[in-house]
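The values are calculated or read from the model by the stated rules, or taken from the named source; none is laboratory data. These figures come from a predicted structure and were not determined experimentally. Don't worry about glycine lacking a Cβ; one is built from the backbone with ideal geometry, like all the others, and counts go over all protein chains shown.
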Amino acid sequence: MSNITEAQMAEMFEMQDAMNSKVDANWKTLEWDFSLAGHMELMEAIDHWGWKWWKDSKPDLAQVQLEVVDAWHFFMSECIVAGTTLPAEVLWKYNGGGEEWSSDMKKAVLIKLARSYQGMLLNNHNWAYLLRAVDLTPQDLYTMYVQKNVLNHFRQDNGYKTGEYIKIWDGEEDNVHLLRLSEELIMKDYFSKDTLYKALQTRYEGVKLGQS
């Protein structure tokens, strides 16, 4: 399945609100510039794609995708502040068919949408084209968003700010375990923010036990 459901879209917005509230309970009134933040993330995506004609570089698609997902965090925050709801169907045009986009076409779409990012709130269907430009399905976006959000929450809940958190688990960084656990849950058709968090907690408790 490459599309997401209305429930999954709503879940992402709830998770973003919760994460922002963990940073500051009054975040909706603080006038944080989410539009600028999202714009900057997409500019970083362009940098990872490679745009300098005086330099030989190849697209780092994995990093490009991560930057787009980061921009999605800020876009959702902006929607929440504006009181805007977003139906899942705004992302479904990804599967609309048509001819395959060339690499140059994908790059051009990414650059165009990054330059006009401030209009994304009014033209939110552009997210479907942005996802297509960086080879992400709506389901990919959901999965990657949940992964990053859950890890951020997990770190904060386990002493990341105070320095108590153990980031290396059995010789590997926590994000490596995160991806491995996600894959296992997806294979079992059991992936969600709650199941992923619980899986992380179980693995982490084993790590702490082994270091005690």
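Can you tell which of 200, 196, 136, 179 is assigned by TED's automatic domain parsing to the domain that holds residue 20, closer than 30 Å to residue 78 by Cα and not charged (D, E, K, R)? Please lay out each step first, then the result.
Working: 200 fails: assigned by TED's automatic domain parsing to the domain that holds residue 20; 196 fails: assigned by TED's automatic domain parsing to the domain that holds residue 20; 179 fails: assigned by TED's automatic domain parsing to the domain that holds residue 20.
The conditions single out 136.
Every residue, every condition in (1) crowded, with 17+ Cβ neighbours inside 10 Å; (2) among the small types (Gly, Ala, Ser); (3) at pLDDT below 95, yes or no:
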position: 1; (1), (2), (3): no, no, yes
position: 8; (1), (2), (3): yes, no, yes
position: 17; (1), (2), (3): no, no, no
position: 22; (1), (2), (3): no, no, yes
position: 39; (1), (2), (3): yes, no, no
position: 42; (1), (2), (3): yes, no, no
position: 45; (1), (2), (3): yes, yes, no
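Give me the residue from region 140-167 that is hydroxyl-bearing (Ser, Thr, Tyr) and not in a helix (DSSP H, G or I) and, out of that set, modelled with the highest pLDDT.
Per the stated criteria, the residue is 165.
For region 60-77, the tally of residues that are surrounded by 19 or more Cβ atoms within 10 Å (Cβ to Cβ) and in contact with a Phe, Trp or Tyr (Cβ under 8 Å, 6 or more places away or on another chain) stands at 9.
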